[in-house]
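Note sheet for the following structure.
The values are calculated or read from the model by the stated rules, or taken from the named source; none is laboratory data. Values in this document were obtained by computation on a predicted structure and should not be read as measured data. Here the Cβ positions follow ideal geometry from the backbone for every residue, glycine too, while neighbour counts run over all protein chains shown.
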Amino acid sequence: MDTWIRARNTPQKIVFRSRIVLLAASGQANRRIALQLRTSRPTVILWRQRFLAGGPVALTEDEPGRGRKAGIPPERVKQIVEATLHSHPVGATHWSVRTMAAAQGVSPATVQRIWDAHGLQPHRSETFKLSRDKRFVEKLTDVVGLYLDPPDKALVLCFDEKSQIQALDRTQPGLPLKKGRCGTMTHDYKRHGTTTLFAALNVLDGTVIGDCMARHRHQEFLKFLRRIDRETPAELPLHLILDNYSAHKHEAVKRWLKKHRRFHLHFTPTSSSWLNLVERWFREITDKRIRRGSFHSVAELEQAIEEYLEHNNQQPKPFVWTASVAKILEKVGRCKAVLETLH
């Protein structure tokens with residue numbers, strides 16, 4: 001009970017009852033305990049008797065029928081939950097606390113309590129995409145196998161293009177970060193053009209080969225492949241994980257690959273960008289260098305990207321893939337089962 005009293009998250013009623021028992025155990029009379037805790041003598045006697053009969057657990061329980069009665073019957077709660085799940089308001093896509101309260105004739109606070117109790121958040125939504133690739137399992141197994149059991153004496157690179165990176169210049173300078181206030185930036189901006197970042201992430205050590213180009217056709221892809229060829233040890237086979245973009249399968253690319261046998265391309269299933277670890281690195285550079293930046297020109301944007309690449313390669317941190325093929329297929333199966341049930 002000493003632990004209950006000292007704990008910050010213990011309900012006050014349990015702290016109060018525990019103090020009664022501890023003061024009684026120290027030999028104090030019921031009247032003195034009542035005066036010290038500003039309560040009545042019958043209350044002190046009640047909780048001493050409860051403790052003697054049931055031990056410490058009895059201090060955490062209330063008698064049946066005690067406490068505030070429910071203000072809304074269970075049938076009404078069920079009706080509000082069903083309406084939230086299986087209907088929508090006129091002229092809107094989802095319910096809000098106030099529209100549901102008006103429709104059901106209850107207070108907004110009541111609706112909020114019911115939604116909280118049932119884990120309902122109509123204002124939120126999440127996106128998803130299931131691949132329809134007929135070779136999904138085959139490609140998934142191939143790519144995950146490279147992550148979990150990479151070939152001996154070979155390099156595994158995750159490649160992709162981050163296209164249409166805009167050089168945005170804010171129309172006004174923002175306010176700096178200070179105590180009690182986050183940094184600010186204007187919502188409007190000026191566009192100064194775009195660039196495309198070609199990046200190949202080394203799965204083993206986290207280093208990145210990157211280059212900014214104006215376009216992302218097969219010509220630029222070939223140019224980047226040649227750079228990879230120059231900047232990696234010539235004696236090592238190269239396994240590239242990449243998506244199904246048409247430029248990656250162009251005839252000119254296929255001819256080049258026939259002459260450079262150490263390159264092996266592994267395509268992810270369609271609609272499965274999450275399977276390519278370089279996408280995780282793209283999120284890093286977006287959050288840490290691009291999104292909050294203000295750039296007066298494309299050249300300035302590309303310089304910022306180059307600086308980030310250099311810093312990344314000085315202190316690289318690889319991303320470790322842990323999900324097995326079986327776990328991924330199990331999750332995909334559950335998602336498909338839910339979709340089939342709903343439709």
Worksheet item: Looking only at region 16-34, which residues are assigned to a helix (DSSP H, G or I) and loosely packed, with under 12 Cβ neighbours inside 10 Å?
Response: A25, R31
Fill in: Residue list for region 161-194, restricted to those being on the phi > 0 side of the Ramachandran plot and either among the aromatic types (F, W, Y) or free of Cβ contacts under 8 Å to residues at least 12 places away in the same chain (or both)
G180
Response to the item:
Reported set for region 319-341 where residues are under 15 Å from L275 (Cβ atoms) and basic (K, R) is K327, K331
Worksheet, complete the sentence: Those residues of region 199-224 that are surrounded by fewer than 18 Cβ atoms within 10 Å (Cβ to Cβ), of a type in the set (A, V, I, L, M, F, W, C) and outside any loop (DSSP other than H, G, I, E, B) come to a total of 1
Discussion item. Out of everything in region 1-26 that is farther than 20 Å from G55 by Cβ and not charged (D, E, K, R), what residue ends up being modelled with the lowest pLDDT?
Written reply: N9
Item to complete: Could you tell me which numbered condition T270 fails, if it satisfies all but one of (1) assigned to a helix (DSSP H, G or I); (2) touching a residue at least 24 places away in the same chain (Cβ under 8 Å); (3) surrounded by 16 or more Cβ atoms within 10 Å (Cβ to Cβ)?
Response: (1)
Discussion item. Residue under question is H264, and the condition is that it be under 34 Å from the mean Cα position of the chain (by Cα) and surrounded by 18 or more Cβ atoms within 10 Å (Cβ to Cβ); does it hold?
Written reply: no
Discussion item. Based on this model, can you work out whether R227 counts as in a helix (DSSP H, G or I), out of contact with any Leu (no Cβ under 7 Å at 6 or more places or on another chain) and either closer than 25 Å to S131 by Cβ or among the basic types (K, R) (or both)?
Written reply: yes
Item to complete: Just name the residue that is surrounded by the fewest Cβ atoms within 10 Å (Cβ to Cβ) out of those in region 235-261 that are touching a strand residue (DSSP E or B) at 6+ places or on another chain (Cβ under 8 Å) and within 18 Å of L197 (Cβ to Cβ).
Response: Y245
